[in-house]
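The values are calculated or read from the model by the stated rules, or taken from the named source; none is laboratory data. Note that this is a predicted model, so its numbers are computed, not measured. Cβ coordinates were reconstructed from backbone atoms using ideal geometry, including for glycine residues, and neighbour counts include every protein chain displayed. Just the protein is used for accessible areas: all its heavy atoms, side chains included, with ligands, DNA and RNA removed. Shrake-Rupley method; radii C 1.70, N 1.55, O 1.52, S 1.80 Å.
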Amino acid sequence: KTTVFGLNFSSPVGLAAGFDKQAKCVRPLFRSGLGYVEVGGVTPLPQPGNPKPRLWRLEEDKAVINRFGLNSQGSHAVAQRLREFRQTEAEEEGKVVGANLAKNTASEDAIADYVAGVEVLGPWVDVLVLNVSCPNVAWTKGLAGDADAMTRLVKAVKQARDALPPKIQAGGGGYKGRERPALLLKVSPDLDSEGLASLASLALSSGVDGLVVTNTTSSRPPGLTSPHASQAGGLSGEPLGPAALETLRELYQRTGGKLPLVGAGAVASGEDAYRRIRAGASLVQVYTALTYEGLGLVGRINRDLAELLERDGFTSISEAVGKDNPTSADQMAVGKGALGSANSAYPPNSGILSRWRGSKSWQGTPTHDTQNIKK
């Protein structure tokens, strides 16, 4: 168990958005041992997303490419299902529900769409995630590159969240340890250091509650062998591991450990989860690994993570957060520099991400141009 954002989680292992887009499987998903289920992405109005086929398994690479294009049945349909879930299991300890918010691709008003998502879904969830990093719709690229637009959007969404009615008792919404749902931003692994610095500054100054690190990538790392590797869309799974982990490390440093981070991307074992916690994550999310391992993976991660924490003398998850990635404040407190874990596959300051981002493979090829994907 762990407490993050003022919420009690029965497990630090959650499910990333994109698996249960329409909130149809929330109850059985929790039975697998998950402590957190994030539904969506959810758009205000129904939209079909991109034409099929739009999902490929890269079995040789233990990866997936999707270009769903935010297919959604709309916020009202999803809210109704979440309301039904809350009315039957509203206050059961440790079942944290999140909603990933997105705008309709045909909409010209991003702020209005995100605010509508907050107003419709906010009363029925514990966490709201602002999806501004989906690689399968062109508008997120422009938003990520416009600091002023991003600031205005986050400010408006936070105001809408703050205007929600305070905590509703059992049988209504219920935010457990909070009066209103936590607000998180979801980060792209394709941002350079300047972009990460800007986003960290925004997160700290705007008063959001945390970051989800990371989304899928539109780039392709070296070494992919699947014949589907050239498909356009967001890549997830094992090949995303180095970029997701180093992006997590960098954001933990840039935020000074002041914001809880959710580590997502290539989490497929207890060791993967532990590595991200020691790099700065307070929670982790799985997705692609479930494609290959099934829901039994969740229980294995929980058991292995508990053993690793006990092995290293930690009595709680919070004690292990950032242990391989001390901030400057941490270093001043102990009077020494950062030390990487001997078990870390990607040691701190390894330069993996810098080398990858500098390569043609990181920057992508013309086949990954999101301008050619249906908005």
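Scoring LEU261 on the criteria (1) surrounded by fewer than 19 Cβ atoms within 10 Å (Cβ to Cβ); (2) modelled with pLDDT of 95 or more; (3) farther than 20 Å from ARG67 by Cα; (4) not hydroxyl-bearing (Ser, Thr, Tyr) leaves a single failure, condition (1). Right, GLU250: touching a residue at least 40 places away in the same chain (Cβ under 8 Å), on the phi < 0 side of the Ramachandran plot, open to solvent by 40 Å² or more (accessible area, probe 1.4 Å) and in contact with a helix residue (DSSP H, G or I) (Cβ under 7 Å, 6 or more places away or on another chain) or not? For GLU250, the condition - touching a residue at least 40 places away in the same chain (Cβ under 8 Å), on the phi < 0 side of the Ramachandran plot, open to solvent by 40 Å² or more (accessible area, probe 1.4 Å) and in contact with a helix residue (DSSP H, G or I) (Cβ under 7 Å, 6 or more places away or on another chain) - is not met.
Which residues, counting only those in segment 283-317, are open to solvent by 60 Å² or more (accessible area, probe 1.4 Å) and in contact (Cβ under 8 Å) with a residue 40 or more places away in the chain? Passing the criteria: TYR292, LEU295. In the set (1) assigned to a loop (DSSP other than H, G, I, E, B); (2) crowded, with 19+ Cβ neighbours inside 10 Å, the condition left unmet by GLY41 is number (1). Out of all the residues in segment 192-238, which are within 20 Å of ILE65 (Cβ to Cβ) and open to solvent by 30 Å² or more (accessible area, probe 1.4 Å)? Matches in segment 192-238: PRO222, GLY223, LEU224, THR225, PRO227, HIS228, SER230, GLN231, GLU238. Residues that are open to solvent by 30 Å² or more (accessible area, probe 1.4 Å), over 27 Å from LEU202 (Cβ atoms) and at pLDDT 95 or above number at least 1 in the following helices (runs of 4 or more DSSP H) confined to segment 53-158: 75-89.
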